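In what follows, a structure is listed as structure tokens, so that the remarks can point back to it.
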Amino acid sequence: CIVAGTFAFFQALMPMIGWICVHTIIRHFRWFGQFIPWIALVLLVIIGVNMILESVRHGGCDEGYEKLGLGVLLVQGIATSIDALSVGFTIAEYELGMALVCALIIAVVTFIICMAGLAIGKTFGTRFSNKATIFGGIILIIIGIEIFITGVL
């Protein structure tokens, strides 16, 4: 629940930050929007490459995989949700209440999907621990590239 809750929290927080930026300080942060794809790409590639390297270094052993500390979880939560900041720009015409409802829906859906992913990972992760970590790293890199391509083009 902590892992899924962290991702849900950041997926809901980022659109609200974008909404606040549009409503309060858009003049100061308009330039920032162009960097969102770059930031997401860099963070996700770094995390993905780290996952792959850790998996290769440990050779599939469980040693070192219990290190999912708060810092790592927060960085992953931010990295995977930074593209959601742009959602806040698209809901800018909504009133605060409607924007909060949108953020709540995003959080609930993210939480449910993360819980399902964690259950699947728990089931298959022990069988394919080394490959699953490499696969997860590759997926993060692909997500980063997708966010970058979508944001730039």
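The values are calculated or read from the model by the stated rules, or taken from the named source; none is laboratory data. Keep in mind it's a predicted model, so treat the numbers as computed, not measured. All Cβ positions, even for glycine, are placed from backbone atoms using ideal geometry, and neighbour counts span all protein chains on display. Accessible surface areas use protein heavy atoms only, side chains included; no ligands, DNA or RNA. Shrake-Rupley method; radii C 1.70, N 1.55, O 1.52, S 1.80 Å.
Odds and ends about this structure:
- Percent carbon-and-sulfur accessible area, the stretch 69-153, ignoring ligands, DNA and RNA, probe 1.4 Å: 79
- Of the whole protein surface, Phe9 contributes about 120 Å² of accessible area at a 1.4 Å probe radius.
- Ile39 contributes an accessible area of around 50 Å² to the protein surface, as traced by a 1.4 Å probe with all chains present.
- Here the Karplus relation 6.51 cos²θ - 1.76 cosθ + 1.60, evaluated at θ = phi - 60°, turns the backbone of the stretch 41-56 into coupling constants of 4, 4, 4, 5, 5, 4, 5, x, 5, 4, 4, 5, 4, 4, 5, 5 Hz, with x for every Gly and Pro.
- Taking max minus min of the alpha-carbon positions on each principal axis, the stretch 83-153 gives extents of 48, 29, 9 Å, largest first.
- Accessible surface for Leu96 stands near 90 Å², nearest 10, in the context of the full protein assembly shown (1.4 Å probe).
- Taking trypsin sites (Lys or Arg not before Pro) across the stretch 69-153, the ones in a DSSP loop with at most 15 further Cβ atoms lying within 10 angstrom of their Cβ are Arg127.
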